[in-house]
Amino acid sequence: MREILIVGRGGQGAQTAGNLLAQAFFSAGQYVQSFATYGGARRGTPVSSTIRVDARPIRLRCDVTQADALLCFDASLLDQALLNRTRPEALIVVNSVRSPEEFAVAGERRVYTIDGFKLAEAHNLGRFINSALLGAFCAALRDPPAEVMSRTISETTPDRRPENLAAFHAGFRTGEGIA
Amino acid sequence: MNAAGQRTLLTGNQAVAWAVRLCRPQVIPVYPITPQTPILEQISAFSAAGEMTAEILTPESEHSAIAASIAASLTGARVFTATSSQGLLLMHELLHWAAGVRSAVVMCNVNRTVASPWGFWPDQTDSLAQRDTGWIQWYTESAQESLDAVIMAFRLAEGVNLPVMICHDAFYVSHALETVIVPGQAAVDRFLPAYSPRFNIDPAAARSVGSNVDQTTYRRARKDIGAAMTEAGVMTDAIAAEWSGLTGRDQHGAVEIYRCEDAEQVFVTMGSLCGTVREAVDSLRGQGHRIGLLKVRQFRPFPGDQLRGLLRGRERVMVLDRNYSPGNGGILHQEARAALYGMQGQPAVLGYLAGVGGVNVTPADLVRMAIESGPVGQDDNKFTSVWL
């Protein structure tokens, strides 16, 4: 079983990204379990979404405390407390203009950075970075397959579908280049 | 959609809404409350799309929602409602009424912490505090189980004329998106024919229900509810067996046992925690421990006879409670102890307050707990629950 953590600020689309990722893994034939924090969630506050992926039905009903992979929408959230929720060899993709070397993380964690805002703006998506980040994350994780993820985005995006798909593919190419 | 059903991705709340749609209720009075609201939202979406014909009522409070549910059920309509935590507590007075007048309302309660302090976390104290209201209560572990439970609950409620409350945990079930098989409409129609009430109210033939009675009549009404509860205890298993046959998936009645065949120690719990316990059981079995899980699906009527039969001769039972009754401890612990008391081959019964307030409980926590409990001894006679 793989456990994935997506962290962002309320309104950034981290929870939507989590649902899209879960849908794509499901479409690829995997069993998934995805849930998001709620209750205190409002624009600007930290929110997280978690996804479990397995070839067999998932029975666990507890929090993800040792994620295999982390997608972080806001570098200011990438602190020690968040890192403690990932495995020492976890894959981390973070939205930042900085270089990976500037993130001092312990263990064997692999950190990749992607400038989500630059990619979003280049595709007329303003501050909506989730499609671009999902692209980079899928490339780094090598799963779910790009065609499954892009089909999921295409089927579920209510607005600016071509722009979101283009941002996803741009993010994917960037991810392939760095991971 | 084929006969076996459609494999899809749903949250626990969406799965409940799907089940409700398939059961073709006629009246659905609901007041929104986190974390129940997505049930009402999904039902409203089905209704707006013309996929459900039920009359959806949204009165000004949960108290009125349950009042409308009771009245509608007594006219012979199939009725569903849903709530959570504070909403369920506001219904409390009328929960007694719902059972007392022998309505067949089916409700989903999303188990959420009770204020104060305020919170949105999984905790079963809200529904367990309604245990004496005369409602049948089921606790489910997954979105799939919640879906199947709603369908079976209508059969049971309408079969014995008692309301049924399906309880699923906030967050881990209500908001977890997972793989769910939605059965075909034809299978549900075959399993659940239209409600044909044994009695109903009708303006054309005026009569009243729940009116002022003498002592003997009151006592008889309570005994009748008791008899219906006994009947429900038998019917639950039969209904589960029938629905298993129609779906081709294992359904369970009042209890479910997991890897108990030669178990010396048995975890006993309810709701979403069962999934995590299964992982702990597998891990402990891998280390040579003879341990299993008894899941209590039906809390009312309490399956005491089944617990006695299944737990007789075990060394130790460890009851996990995601609820807390201040001044006494875990509610399931107290009830399980009482059921097992005094029988031959009585196991030692330990109680743990595990996950109260939605606190995270991992398989590792349970493995450690089971190993550290050591050999059966003096401590096993402790009456009070231990905080995990």
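Normalised radius of gyration (Cα atoms, divided by 2.2 N^0.38 Å) for the range A:2-178: 0.94. Legend: residues A:Asp74, B:Asp237, B:Asp169, sorted from most to least accessible area (1.4 Å probe; ligands, DNA and RNA excluded), read B:Asp237, A:Asp74, B:Asp169.
A quarter of the convex hull surface defined by the alpha-carbon atoms of the range B:255-387 gives 7.4 nm² as the mean projection. Of the GluC sites (Glu not before Pro) found in the range A:93-179, those that fall in a DSSP loop while having at most 11 other beta-carbon atoms within 10 Å are A:Glu108.
Summarising the strand pairing of chain B, around 25 percent of its internal DSSP beta bridges are antiparallel. Packing, taken as the mean count of other beta carbons within 10 Å per residue, orders the peptides A:13-19, B:80-86, A:52-58 from highest to lowest as B:80-86, A:13-19, A:52-58. Rolling a 1.4 Å probe across all protein chains gives B:Thr34 an accessible area of roughly 60 Å². Legend: residues B:Tyr258, B:Tyr172, sorted from most to least accessible area (1.4 Å probe; ligands, DNA and RNA excluded), read B:Tyr258, B:Tyr172. Estimated at the nearest 10 Å², the accessible area of A:Lys118 is 140 Å² with a 1.4 Å probe. Between A:Glu176 and A:Asn124, the FRET efficiency from the beta-carbon distance, with R0 = 25 Å, is close to 0.60. Over chain A, Cα pairs under 8 Å with separation of 6+ residues give a relative contact order of 21 percent. Taking the Cα centre of the protein assembly as shown as reference, the dipole from Cβ charges on Lys and Arg (+1) and Asp and Glu (-1) amounts to some 440 debye.
Buried area at the B:A interface is about 2200 square angstrom, summed over both chains, from accessible surfaces computed with a 1.4 angstrom probe. Global dimensions of the range B:30-143 from alpha-carbon coordinates: Rg and Dmax equal 13.8, 41 Å. Hydrodynamic estimate: the Kirkwood radius of the protein assembly as shown over Cα pairs, inserted into Stokes-Einstein at 4 °C and 1.567 mPa s, corresponds to D of 52 µm²/s. The listed residues B:Tyr195, B:Tyr139, once ranked by accessible area (1.4 Å probe) with the largest placed first, stand as B:Tyr195, B:Tyr139. With all protein chains kept in place, the per residue accessible area of the range A:2-178 amounts to 42 square angstrom at a probe of 1.4 angstrom. Take A:Thr50: with every protein chain present and a 1.4 Å probe, its accessible area is about 10 Å². Annotation: the antiparallel percentage among DSSP beta bridges lying fully within chain A is about 50.
Give me, ordered by chain and number, the residues 5 or more places off B:Asn109 or on other chains with an amide H under 5 Å from its own placed amide H. When sequence neighbours closer than 5 places are left aside, the close amide H contacts are B:Thr83, B:Ile166, B:Cys167, B:His168.
For chain B, the fraction of alpha-carbon pairs lying more than 25 Å apart is 54 percent, rounded to a whole number.
Here the protein assembly as shown carries DSSP beta bridges of which approximately 35% are antiparallel, counting only pairs with both residues inside.
For the range B:1-137, the relative contact order is 22 percent, taking Cα pairs closer than 8 Å that sit 6 or more residues apart in sequence and dividing their mean separation by the residue count. Taking the square roots of 5 times each eigenvalue of the Cα gyration tensor of the range B:156-212, largest first, gives ellipsoid semi-axes of 34, 19, 9 Å. Partner lysines whose Cα lies under 25 Å from the Cα of B:Lys295, excluding those fewer than 8 positions away in the same chain, are identified as B:Lys382. Rounded to the nearest Hz, the phi-derived 3J(HN,Hα) couplings of the range B:170-183 under the Karplus curve 6.51 cos²θ - 1.76 cosθ + 1.60 (θ = phi - 60°) are 3, 6, 5, 10, 4, 10, 7, 8, 8, 6, 9, 9, 8, x, where x marks glycine and proline. Loop-located trypsin sites (Lys or Arg not before Pro) in the range B:319-383 (DSSP state not H, G, I, E or B) with no more than 13 neighbouring Cβ atoms inside 10 Å: B:Lys382.
The values are calculated or read from the model by the stated rules, or taken from the named source; none is laboratory data. Here the structure is a predicted model, which is why all the values come from computation and not from measurement. We place every Cβ from the backbone using ideal geometry, glycine too, and count neighbours over all the protein chains shown. The protein model used for the area step is the full one, side chains on, heavy atoms only, and it has no ligands, DNA or RNA in it. Shrake-Rupley method; radii C 1.70, N 1.55, O 1.52, S 1.80 Å.
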